[in-house]
Amino acid sequence: MSVIEIYGENRFPEHTKVREACRGIVIKNGNILLSYEVKSDQYFIPGGGVENTESLEECAVREISEETGFLTKCAEGFLTINEYYEEWLFISHYFVCDIIGETERKLTKREAEAGLTPAFIPFKDALKVFSKHGDYAPTDEMKRGAYLREYKALLKFEELYGEIK
């Protein structure tokens, strides 16, 4: 499994807090499944924080189903991205996932208020969206960091699995 390190300019010399999350790459007919926040006009690769004693694969499957309503199975893990911002280390594990069914979405209050909805968009369009991470540096550091993370993940996915058409 590949590892990518991202160091924010605002990182502290040592991190004192850690958040571990899992995200799933789901490709269908050349399109990638993303979570889209209508209110903030922001895309994400579906995923979220590891809970209690669940495995990383279980976390990815749960988060994808909660956010998008698609049941998936993890084919394989291919990437971990470690991000260092202020006192935090954010760890994101990425899995290639396949859709095996559908279920009811279970959004958090924040996700519902943000208008989180599933969206299939062409893989190349997702790369373009996330490639604009630098545009957000002056106004939205969180969006800049999230888009940088997702951009690096998609580039690594394409490097390992080939061009998505």
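Each value in this text was obtained by applying a stated rule to the coordinates, not by laboratory testing. Worth saying up front: this structure is predicted, and the values here are computed from it rather than measured. A quick note on method: Cβ atoms are made from the backbone with ideal geometry, for glycine too, and the neighbour counts reach across all protein chains shown.
Of the beta bridges in region 2-122, as assigned by DSSP with both residues counted there, near 65 percent are antiparallel. Taking GluC sites (Glu not before Pro) across region 1-38, the ones in a DSSP loop with at most 11 further Cβ atoms lying within 10 angstrom of their Cβ are 9, 14.
A crude spin-label estimate for the pair residue 28 and residue 142, with each label 7 Å from Cα along the Cβ direction, gives 2.9 nm.
Under 5 Å from the amide H of residue 21 lie the amide H atoms of 50, 91, 92, 93, each residue being 5 or more positions distant or on a separate chain, with H modelled from the backbone and absent for Pro and chain starts. Computed packing ranks the peptides 106-115, 51-60 as 51-60, 106-115, most packed first, by mean other Cβ atoms within 10 Å.
The string of couplings for region 72-80 from the Karplus curve (6.51, -1.76, 1.60, θ = phi - 60°) is 9, 10, 7, 7, 5, x, 10, 7, 10 Hz, one whole number per residue in order, with x for Gly and Pro. Extension gain, residue 132 to residue 120, is 2.4 nm, computed as 0.36 nm per intervening residue step minus the present C-alpha separation.
For region 20-40, backbone nitrogen atoms closer than 17 Å to the point 7 Å from residue 53 Cα along Cα-to-C-beta are found at no residue. The helix-based estimate of mean residue ellipticity at 222 nm for the chain, built from -39,500 (n - 2.57) per DSSP H run of four or more residues and divided by its residue count, is -9000 deg cm²/dmol to the nearest 500. Of the residues 139, 89, 29, the one whose Cα sits farthest towards the positive end of the charge dipole of the chain is 29 (charges of +1 on Lys and Arg Cβ, -1 on Asp and Glu Cβ, taken about the Cα centre).
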